[in-house]
Amino acid sequence: MTSSEIKSKARESLINKWGKAALITFCYFVIEFLINFMISGSEKSFPLLSSLLSIGEAVISVPLAYGIMMSFMKLKRSENVEAFDFFTDGFSNFGRAWGITWGVVKKLLVPIILIVVLYIILIATSVSFAISGGLFNSTLVSTSASVTTGLLSVVCGIGLIALYVWVVIKSLFYVLVYQVAYDNPNFSSKEVVEESERLMTGNRGRYFVLQLSFIGWAILACLTFGIGFLWLTPYITISTICFYEALAGKSDSAIEVDSEEVE
């Protein structure tokens, strides 16, 4: 299936469902907005509370993301789904959602650790340069320290860019974990992650092209002051579900999985 065929199938799945899809998206956006509003509103007056709320937001964002995918899976398959089911479904699967997320993090652990190391080197270099500049007023010492700091900053900067690209490319293996988890409730978190990786092997480029094809719609949605995202979000999500179903053999049209791709 091409991107246009997948999107066409998504539109077919949304016939007579656009209103409910927009309502589900609206409810999800409202909850996200209220959480972010509380965090931003307490930043100046209650910084400690703001920090705690930020941690809380990070904790609940995972089950909410899992829940919204479940709602759209149900909607696509014409199963019964209500506006706030994403909230109840997400938190009833809190442990499973976080177990899957942790499984993905473990797969990305090497580049993440390297990113942290490079940031530590950058900070240590900056502090060292500041200290040496304060202790020694010699122009020669200052110039030498500046050159060393500059070179390390450039090397670390290039390294960080390369690592971020690595993380993004590798993370594409795991974009289907929630769909796999929904269809395979008996799978362990490890099995879910591995199945997503199997399905996406050889198909990351196809997925990237599919997501890229929505850029025009995203620009138009921005011109509506964001209102258009109430319909664009379910359109993109349902298209991703159709993509998953084609890979998993759950669609009339299938996408061949290439098991020979090298990471």
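The values are calculated or read from the model by the stated rules, or taken from the named source; none is laboratory data. Keep in mind it's a predicted model, so treat the numbers as computed, not measured. Neighbour counts run over all protein chains shown; Cβ positions are idealised from the backbone, glycine included. Just the protein is used for accessible areas: all its heavy atoms, side chains included, with ligands, DNA and RNA removed. Shrake-Rupley method; radii C 1.70, N 1.55, O 1.52, S 1.80 Å.
Looking at this structure, is L109 surrounded by fewer than 19 Cβ atoms within 10 Å (Cβ to Cβ) and under 18 Å from I169 (Cα atoms)?
yes
Filtering region 201-235 down to residues that are part of a helix (DSSP H, G or I) and among the polar types (S, T, N, Q), which residue is surrounded by the most Cβ atoms within 10 Å (Cβ to Cβ)?
Among those residues, the one meeting the criterion is T233.
I need the full set of residues from region 138-181 which are at pLDDT below 95, open to solvent by less than 70 Å² (accessible area, probe 1.4 Å) and over 18 Å from I115 (Cβ atoms), in order please.
Within region 138-181, S138, V141, S142, S144, A145, S146, T149, G150 meet the criteria.
Find the residue count for region 1-39, including only residues that are at pLDDT below 90 and under 23 Å from F84 (Cβ atoms).
8
Let me spell it out: the conditions are (1) surrounded by fewer than 18 Cβ atoms within 10 Å (Cβ to Cβ); (2) at pLDDT 95 or above, and S253 meets all of them except one. Which number is the exception?
Evaluating S253 over (1) surrounded by fewer than 18 Cβ atoms within 10 Å (Cβ to Cβ); (2) at pLDDT 95 or above leaves (2) as the failure.
Does region 49-61 contain any residue that is in a helix (DSSP H, G or I), touching a residue at least 24 places away in the same chain (Cβ under 8 Å) and open to solvent by less than 30 Å² (accessible area, probe 1.4 Å)?
no
Within region 76-119, track down each residue that is within 23 Å of C242 (Cβ to Cβ) and of a type outside the set (G, A, S).
K76, R77, E79, N80, V81, E82, D85, F86, D89, N93, I100, V104
Could you look through region 70-94, keep only residues that are of a type in the set (G, A, S) and in a helix (DSSP H, G or I), and pick out the one that is most open to solvent (accessible area, probe 1.4 Å)?
Of everything passing the filter in region 70-94, S92 is most open to solvent (accessible area, probe 1.4 Å).
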